[in-house]
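> Take a look at this one; I'll ask things after.
The values are calculated or read from the model by the stated rules, or taken from the named source; none is laboratory data. Values in this document were obtained by computation on a predicted structure and should not be read as measured data. We place every Cβ from the backbone using ideal geometry, glycine too, and count neighbours over all the protein chains shown. Heavy atoms of the whole protein, side chains included, go into the accessibility calculation; ligands, DNA and RNA do not. Shrake-Rupley method; radii C 1.70, N 1.55, O 1.52, S 1.80 Å.
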Amino acid sequence: MRYDMQFEGLIFDLDGTLADTMPAHYLAWREITQKHGLKFSEERFYSLGGVPTSRIFSILADEQGVSLDPGACAIEKEETFISYLSEVEPIQPVLDVVRENYDNVPMAVATGAMHWVMERILNQLDIHHYFTAFVSSEDTVRHKPFPDVFLEAARRLGVPAEKCCVYEDAQLGIEAGQAAGMHVVDVRDFHTPRRITAGA
């Protein structure tokens, strides 16, 4: 987990990478999808890691023939997630990397989360000050698995993409980091989030 001197910038996904938010996110998803008559299994939830909330609502609604406003549902879901925020903790091995490299290597957060939600999570964990650049779902048109979020983070850090290392926990995010030409560390190799659904 120690920083390799070949990298000039470190970029971190947020949910499931810096912050152990995935169980809380799924609780919020389950509450709001059930309210709107949608089915959304925990396995499907993890398979869509990195996809913006409104886009997931659009996908589910189209698949299941349900009429809804994806943007409004996304806000409803994120507000519900915030009610679970007190349960969220940092993912310690990743935070160790952040602290180890603070003041030595420029670091960014690059997430599919909305900006205001990203800010709430970072402040809840008291880790906002470690980072000098932030890219959220509003900052790019294309989202993971496209590389745009990571390329924008590298641009804001002022570091060439090939000199950046990405920490990610979702398959779509890993593909995005690879597509950006960056080295990718798969957080799933050393962290497994708690599952809400028995046997999932």
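> Multiply the residue gap between T132 and D96 by 0.36 nm, knock off their C-alpha separation, and tell me the result in nm, one decimal place.
Result for the pair: 11.2 nm of gain on full extension.
> Here is a follow-up. Which ³J(HN,Hα) values in Hz, rounded to whole numbers, follow from the phi angles of region 151-162 under the Karplus curve 6.51 cos²θ - 1.76 cosθ + 1.60, where θ = phi - 60° and Gly and Pro get x?
5, 5, 5, 4, 4, 5, 7, x, 10, x, 3, 5
> Going by average Cβ neighbours within 10 Å, how do the peptides 11-20, 45-54 rank, with the highest at the top?
Ranked by mean Cβ neighbours within 10 Å, highest first: 11-20, 45-54.
> Give me the percent of the accessible area of region 36-160 that comes from carbon and sulfur atoms, probe 1.4 Å, all protein chains in place.
Within region 36-160, the accessible surface is 49 percent carbon and sulfur.
> Probe 1.4 Å, all protein chains in place: accessible area of H128 in Å², nearest 10?
The accessible area comes out at roughly 50 Å².
> Label-point separation (nm) for H183 and S83, each offset 7 Å from Cα along Cα-to-Cβ?
Output for this residue pair reads 4.4 nm.
> Next up: Could you rank R195, R99, R155 by how accessible they are, 1.4 Å probe, largest area first?
Largest accessible area first, the list is R155, R99, R195.
> Okay, next question. Taking K35 as the anchor, which lysines have their alpha carbon closer than 30 Å to its alpha carbon, excluding any fewer than eight residues away along the same chain?
K77, K144
> Please give the length that would be gained between H115 and Q64 if that part of the chain were fully extended, namely 0.36 nm times their separation in residues minus their C-alpha to C-alpha distance (nm, one decimal).
Numbers: separation 51, 0.36 × 51 = 18.36 nm, distance 2.86 nm.
Answer, rounded to one decimal: 15.5 nm.
> Which percent, nearest 5, of DSSP beta bridges in the chain are antiparallel?
Around 5 percent of the beta bridges assigned by DSSP in the chain are antiparallel ones.
> Same structure, new question: Can you give the FRET efficiency to the nearest 0.05 for N123 and A72, using r as the Cβ-Cβ distance and R₀ = 30 Å?
On the way: r = 25 Å, r/R0 = 0.83.
For N123 and A72, the calculated efficiency is 0.75.
> Still on this structure, please answer the following. For a label point 7 angstrom out from the Cα of F146 toward its Cβ, which stretches of region 174-192 have the backbone nitrogen within less than 19 Å?
Those under the cut-off are 174-182.
> Shifting gears a bit: Rounding to the nearest 10 and keeping the result within 0 to 90°, find how far the Cα-based axis of helix 53-64 lies from the longest principal axis of the chain.
Its long axis makes an angle of about 40 degrees.
> Give me P(r) over the chain, computed from all C-alpha to C-alpha distances, binned every 5 Å, as integer percentages.
1, 8, 17, 21, 21, 16, 9, 5, 2, 1, 0
> Then there's this: Top mean-square fluctuation among V159, V109, V66, Gaussian network model of the chain, C-alpha springs under 10 Å?
V66
> In addition: Mean residue ellipticity at 222 nm from the helices of the chain, using -39,500 (n - 2.57) per DSSP H segment of n ≥ 4 over the full residue count, to the nearest 500 deg cm²/dmol?
Values: 8 runs with 84 residues, N = 200.
Taking each H run of at least 4 residues, the total per residue is -12500 deg cm²/dmol.
> On to the next question. Tell me, in nm to one decimal, what length is gained between R195 and Q34 on full extension, where the rule is 0.36 nm per residue of separation less the Cα-Cα distance?
56.1 nm
> Calculate, for the chain, the solvent-accessible area per residue in square angstrom, rolling a 1.4 angstrom probe over the heavy atoms of the protein chains.
Working: 9110 Å² over 200 residues.
Per-residue accessible area for the chain comes out at 46 Å².
> Rounded, prolate or oblate, given the Cα gyration tensor of region 16-61, with a/c below 1.5 counting as rounded? Show your work: numbers first, answer last.
Numbers: a/c = 2.03, a/b = 1.47, b/c = 1.38.
It is prolate, given that a/c is not under 1.5 and a/b is the larger ratio.
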